[in-house]
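Everything on this sheet refers to the single structure shown next.
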Amino acid sequence: MSNFLQSLNPAQRRAVEAKSGPVLVLAGPGSGKTRVLTHRIAYLIETLGVDPFNILAVTFTNRAARELKERLEVLLGAGRAHALAVGTFHSLCARFLRRDIVHLGRGRDFIIYDSDDQLRLIRRVLNEFKLDEKRHNPRTILARISSAKNELVSPAEFARLNRDPLDELVARCYLRYQELLREANALDFDDLLVEMTHLFSQHPELLERYQDRFTHLLVDEYQDTNRAQYTLIRQLSARQRDLFVVGDDDQSIYLFRGADVRNIRQFEQDFPEAQVILLEQNYRSTQSILDTAQAVINAGAKRPHHKRLWTENGTGSQVSLHEGYDQDEEASFVADEITRLIGTGEFPAHECAVMYRTNAQSRAIEEAFVRRGLPYQISGGTRFYERKEVKDLLAYLRLAYNPFDSVSLLRVLNWPARGIGERTEQELQRWAGELGMPLFQALRELEGGTPHAPFTARTSSALIAFTQLLDELSKSGHELPLTTLLDRITDRVAIREALKREYDPLEAEDRWNNLLELRNVATNYLNLPLEAQLSTFLEEVTLVADVDKLEQNSDKVTCITLHQAKGLEYGAVFLVGLEEGLLPHSRSSDDRDQLEEERRLLYVGMTRARRRLYLCYAFKRTSFGRANLSTPSRFLADIPRGLVKPPVRRPTAPAQSSMFSSRSVLGDRRSSPSDGLPRSSSRPRAAPPPEAISFFSGQRVRHAVFGEGLVISSKLVDGDEEVTVRFADRERRLLATFARLERIEG
């Protein structure tokens with residue numbers, strides 16, 4: 001065991017050998033947090049004699065869960081940690097609910113709806129309410145519903161808490177959306193967490209059973225937990241209090257998904273006896289990159305613990321700063337520099353990455369790469385399980401498992417074409433609504449010869465034939481091995497022939513090959529008991545990680561958003577579009593919490609680089625057909641001049657000759673304001689800074705975007721008034737000079 005621990009540095013070893021109880025490991029980027037997590041589990045099993053059956057390890061991605069298991073196999077030997085429960089929050093909750101959701105009055109054969117299924121369902125809700133999708137964006141409504149679920153706010157609570165017209169509309173949609181989910185015996189991703197918290201709160205005896213089993217709880221990426229995940233962790237760890245969490249508050253970048261950085265920053269308040277261990281030795285980057293990244297993150301809001309990252313990798317090359325004349329010239333510089341790095345043999349193509357705040361920024365980069373013949377891959381293409389033909393076949397499988405799944409039923413009601421048009425589909429939904437029953441039950445009513453059906457004889461015949469198909473598949477779903485069931489569906493529905501009718505020969509063959517690949521995946525489940533094959537396959541396919549799968553072994557330059565780059569690393573990283581309005585994004589301009597998350601997002605991008613880091617921005621940028629002068633990101637002003645190579649003027653843009661003297665980009669603490677914002681004539685001026693507090697606790701205010709809220713507190717900070725306001729969705733800290741809060745009298 002001594003050899004086992006010798007591979008760890010002193011801080012890592014302190015974390016691994018920490019005594020029982022709550023432990024918070026604050027792990028800087030590239031500091032080996034996965035190593036600590038796996039060695040901690042191995043230490044519990046090998047040294048302390050903990051039964052793997054009593055350990056629960058929670059990760060945020062399936063990839064992280066697989067990596068954890070693979071490393072444990074190496075540390076402990078094959079099969080030693082087989083009984084260990086490892087997975088994402090969603091996959092673990094799905095597994096537990098399969099066994100215990102009956103205690104909530106739900107069936108174990110529930111279907112899990114992915115994002116596409118959810119969108120189809122909310123569109124059905126809007127159609128029922130006769131609401132125009134152009135005026136009421138389904139994705140926006142779904143996002144509001146998801147946010148409510150992340151905060152454990154039920155439809156009834158949402159309706160009670162919200163007052164403006166949009167929230168009233170969302171409340172109606174939320175209630176109906178949940179009714180349709182329950183009618184189809186389906187759960188969306190958020191429901192997996194919500195229902196698990198309900199199960200534990202409503203059935204303490206069940207919670208006690210889980211607490212007795214999982215005496216040791218380990219959580220990765222704790223800074224990314226939302227309210228529902230935080231509640232689950234607190235519920236499970238309440239008795240034993242043996243909770244080991246790893247994370248980094250400086251890398252919390254998922255506020256839009258409901259992540260709350262306060263969960264990790266308040267860990268010591270939740271667990272006063274907690275041990276806190278900092279991992280500060282970086283194994284990824286050079287010291288030049290680390291110093292530049294830390295200058296950015298340290299200029300932000302104060303954190304409970306200040307990390308000082310250091311490395312034995314040497315000083316390395318100085319970070320480069322580049323100003324392009326416009327986005328095309330910026331992209332040309334990136335393409336030229338990557339071509340040079342590849343040509344000199346410094347890096348292969350797959351070791352180079354271009355990162356940006358928004359997907360739209362990839363256009364100029366792609367065009368520059370194409371002109372130079374640079375091989376590249378864009379993260380964000382259609383993933384395998386999102387391809388139409390794959391989702392269609394999966395819909396048939398889901399109906400074989402649960403014919404009451406209305407989203408899957410509507411998806412294949414007329415695919416392949418069987419003479420059931422859109423009007424018939426709408427009429428079927430309306431009629432089922434009048435009868436107060438799921439679509440499949442309404443179809444059975446029609447099959448039984450009800451005299452009140454609103455369909456012609458021809459349409460009724462087509463619907464009855466479809467119902468008989470579903471009955472047949474439902475019977476097969478419980479009797480046949482998974483691959484045989486897939487073959488039965490493709491033959492019975494004549495899917496290959498349908499593809500040949502709908503697409504040209506080459507595309508039809510490509511799509512058919514995708515279905516053959518799906519069948520290959522299904523063969524991995526044939527070793528399970530017959531009754532578990534279909535349900536396990538559908539569950540695991542649905543829970544595939546949302547993060548795009550990049551071709552790790554292909555020699556291509558990667559183009560990726562900063563959010564998607566979390567957890568990755570490259571030899572050379574180019575961060576483009578470092579301008580006000582892009583990073584920080586314009587949506588964050590008057591919200592201090594969002595501004596700080598934008599700062600953390602830049603920090604995450606900078607720390608993806610191992611040896612070379614380029615910070616790029618443009619003098620002007622075209623958006624919505626108009627070219628506008630840009631302002632360098634305020635975060636660049638937080639970098640001391642000595643850390644970064646100053647921008648070099650490009651001969652292709654003579655108009656640039658005087659721009660560098662007219663605006664300051666790099667930080668100069670003698671002339672920069674205390675908030676670190678670069679000043680420029682093109683930057684809109686805020687209102688004059690307040691001299692006294694003008695908002696008070698309990699005051700009602702209105703914000704142009706967030707609606708009405710209640711002031712919790714207000715204070716003067718850095719020459720501005722910071723107002724904390726509780727809005728319908730969550731609390732926000734706003735700067736008064738930018739937020740333009742309107743006081744509500746009375």
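The values are calculated or read from the model by the stated rules, or taken from the named source; none is laboratory data. Given the structure is predicted, the values throughout are model-derived calculations rather than measurements. All Cβ positions, glycine included, derive from the backbone under ideal geometry; neighbour counts span all protein chains shown. Note: accessible area is taken over every heavy atom of the protein model, side chains too, but ligands, DNA and RNA are not part of it. Shrake-Rupley method; radii C 1.70, N 1.55, O 1.52, S 1.80 Å.
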Exercise. Under 19 Å from the 7 Å Cα→Cβ point of D164, by amide nitrogen: which residues of region 581-598?
Worked result: 586-595
Exercise. Any idea what the alpha-carbon Rg over 2.2 N^0.38 Å comes to for region 404-535?
Worked result: 1.19
For this session: For region 125-237, with all protein chains present and a 1.4 Å probe, just round the carbon and sulfur fraction of the accessible area to a whole percent.
Result: 51 percent
For this session: Run the quick spin-label model on R726 and D116: label points 7 Å from Cα toward the beta carbon, then report their separation in nm to one decimal.
Result: 4.2 nm
Exercise. Over the Cα atoms of region 1-54, what Rg and Dmax result, in angstrom?
Worked result: 11.1, 31
Problem set entry | Rounded to whole Hz, the Karplus (6.51, -1.76, 1.60) HN-Hα couplings of region 263-271, x for glycine and proline | 4, 7, 6, 9, 4, 6, 6, 5, 10
Exercise. Probe 1.4 Å, all protein chains in place: accessible area of T523 in Å², nearest 10?
Worked result: 60 Å²
Problem set entry | Length gained when the stretch Q287-L516 is fully extended (0.36 nm per residue, less Cα-Cα span) | 77.5 nm
Exercise. So how tilted is helix 33-46 from the main axis of the chain? Cα-based, degrees 0 to 90, rounded to 10.
Worked result: 60 degrees
Exercise. Looking at the P(r) of region 34-85, how many percent of alpha-carbon pairs lie beyond 18 Å?
Worked result: 18 percent
Exercise. Using every alpha carbon pair in region 488-536, what percent of pairs falls into each 10 Å bin from 0 up to the bin containing the largest distance?
Worked result: 24, 41, 25, 10
For this session: Hey, can you find the accessible area per residue of the chain for me, probe 1.4 Å, expressed in square angstrom?
Result: 44 Å²
Problem set entry | Paired Rg and Dmax values of the chain, which use every Cα atom, in angstrom | 28.0, 86
Exercise. Based on the Cα atoms of region 105-201, what semi-axes does the equivalent ellipsoid have, where each is the square root of 5 times one gyration tensor eigenvalue, given in whole Å with the largest first?
Worked result: 22, 16, 11
For this session: Compute the relative contact order of region 450-540 as a whole-number percentage, counting only Cα pairs closer than 8 Å that sit 6 or more residues apart in sequence.
Result: 34 percent
Exercise. Structure shown: which of K33/K69; K566/K715; K307/K566; K134/K500; K130/K391; K69/K566 lie over 23 Å apart, alpha-carbon to alpha-carbon?
Worked result: K566/K715; K134/K500; K130/K391
For this session: Could you pull out which residues in region 88-106 have an amide N less than 19 Å from a spot 7 Å beyond the Cα of E531, following the Cα-Cβ vector?
Result: 95-103, 106
For this session: Can you figure out the FRET efficiency of R740 with A417, using R₀ = 45 Å and their beta-carbon distance, to the nearest 0.05?
Result: 0.25
Problem set entry | For the chain, size of Cβ-based charge dipole, Lys and Arg +1, Asp and Glu -1, in debye | 1340 debye
For this session: Once every Cα of region 256-414 carries one equal point scatterer and solvent is ignored, give the base-10 log of I(q)/I(0) from the Debye formula at q = 0.13, 0.18 Å⁻¹, two decimals.
Result: -0.96, -1.16
